[in-house]
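No lab work stands behind these numbers, since they all come straight from the coordinates. All values reported here derive from a predicted model rather than from experimental measurement. Cβ atoms come from the backbone with ideal geometry, glycine included; neighbour counts cover every protein chain shown.
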Amino acid sequence: MSMPIIKSSLLILSLAMASNLTYSSSLVEFGKKCLVKEDRLNKAQNRLEALSLRAERKQGRSNRSIDRLDRYQAEKELLEIDMAECSETTPNSAFCHQVRLRFHEIAYLIQSAKTDSVGSGWGGNDAITDYEITKDNFNRRYDDFLALCRDSNAHYALIQTPEAYAEVCSSEAAKQSVTCTLF
């Protein structure tokens, strides 16, 4: 009777070891997939930072264009007052000629600034909108990644299984990743 007990014990032990190897293998696969996801997210974050910088630059250019147009409009209003006075007093004086010349220059600059702004997308916040949409998308994906690859039972099992941890987190870069750290 002891022989069947030994055989069944060996069978159970071998099944347990086989299932442990399979479990360890699935943890390795899980960990490697998480490292790939994390790498993609890091690259996406770098692109997002570049897009943010472009959006900030575009916003700065847009603000400068608005300021320049406001200055032109203010100067045009002052010149209109001078032109009204000139027409009442000395319309043919040198001062009035200079006022009219400057008024036409300012009118041209205003028209040119408006034309340039329409052509360059001035006043539109496409880059900023793109950045916000992309940022929201990134944040959603990063939260999903954290839920799966840091805050899940599978992640905890990966950290607690020495064989799987050693295979997934063998490089120094992997050891510094979110996937291979406990918190």
Once the in-chain neighbours fewer than 8 apart are removed, the lysines whose Cα is under 19 Å from residue 32 read 43, 175
How big is the Cα convex hull of the stretch 24-183 in projection, averaged over all directions, in nm²? 13.2 nm²
Assigning unit charges at the beta carbon (Lys, Arg +1; Asp, Glu -1) and nothing else, what dipole magnitude in debye, to the nearest 20, does the stretch 42-183 show about its Cα centre? 340 debye
Per 0.36 nm of contour for each residue apart, how much would the distance between residue 83 and residue 52 grow if the chain were fully extended, relative to their Cα-Cα spacing? 6.5 nm
